[in-house]
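Trainee: This is the structure I want to talk about, given as structure tokens.
The values are calculated or read from the model by the stated rules, or taken from the named source; none is laboratory data. As the structure is a prediction and not an experimental result, all values here were calculated from the model. Reconstructed Cβ throughout: ideal geometry from the backbone, glycine too, with neighbour counts over all protein chains shown.
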Amino acid sequence: MDKLNKKLLKLQQMELDAAVLYRELSDKLESERERAVFDALAAEEGHHASVLRHSTQLIKRPRHHLKRFAILYLQLFGRKALYKMIVKVEKMGANKYSALSLPEARQIADDEARHARIVLDLLN
Ligand SMILES: [Fe+2]
Ligand SMILES: [Fe+2]
């Protein structure tokens, strides 16, 4: 497997892990608005995973440790602390995709940057 494919496979895994995390987070939240936000983000991460699956031609299964970590973090430090972390991770994701010279990565980079802004908005 070449370097680019390895990167894409890692990103594909990350998208799946993020999708299960956001779905679980939505289940744990009280606010309808915030639940709707994370349901929508979960759907978009799932879409990103399928775009990447199309490139890698490999099927990945979601892992659950990121979700477990995030829920623990939520219980220990509260929503706002978790959202701040999510904003950072989404920005990092945007940068990773921006660095790829792949046509489909451009749209995903824009989506991740938008995710960061959406979650940042929940902090205000
Ligand atoms: Fe994504
Ligand atoms: Fe995202």
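Trainee: Name the pairs whose Cβ atoms lie under 9 Å apart, with the first residue in the range 81-102 and under 18 Å from residue 69 (Cα atoms), the second away from ligand 1 (no atom under 12 Å from the Cβ) and not in a helix (DSSP H, G or I), and 6 or more positions between them or separate chains?
Mentor: 83/123; 84/123; 87/123
Trainee: Identify all residues within the range 38-62 that are more than 12 Å from ligand 1 (Cβ to nearest atom) and charged (D, E, K, R); write none if there are none.
Mentor: 39, 53, 60, 61
Trainee: Listed residues 11, 4, 16; which is more than 19 Å from residue 73 (Cα to Cα), more than 13 Å from ligand 2 (Cβ to nearest atom), touching a residue at least 12 places away in the same chain (Cβ under 8 Å) and among the hydrophobic types (A, V, I, L, M, F, W, C)?
Mentor: Unique residue meeting the criteria: 4.
Trainee: State whether the residues of the range 89-98 include one that is in a helix (DSSP H, G or I), at pLDDT below 95 and more than 12 Å from ligand 2 (Cβ to nearest atom).
Mentor: Checked against the condition, which is being in a helix (DSSP H, G or I), at pLDDT below 95 and more than 12 Å from ligand 2 (Cβ to nearest atom), the range 89-98 yields no hits at all.
Trainee: Within the set of pairs 6 or more residues apart or between chains, which connect a residue that is in contact (Cβ under 8 Å) with a residue 24 or more places away in the chain inside the range 23-48 to a residue that is away from ligand 1 (no atom under 14 Å from the Cβ) and among the charged types (D, E, K, R) with Cβ atoms less than 6 Å apart?
Mentor: 24/67; 29/35
Trainee: Please enumerate the residues belonging to the range 45-79 that are assigned to a loop (DSSP other than H, G, I, E, B) and surrounded by 12 or more Cβ atoms within 10 Å (Cβ to Cβ).
Mentor: Hits for the range 45-79 are 58, 60, 62, 63, 64.
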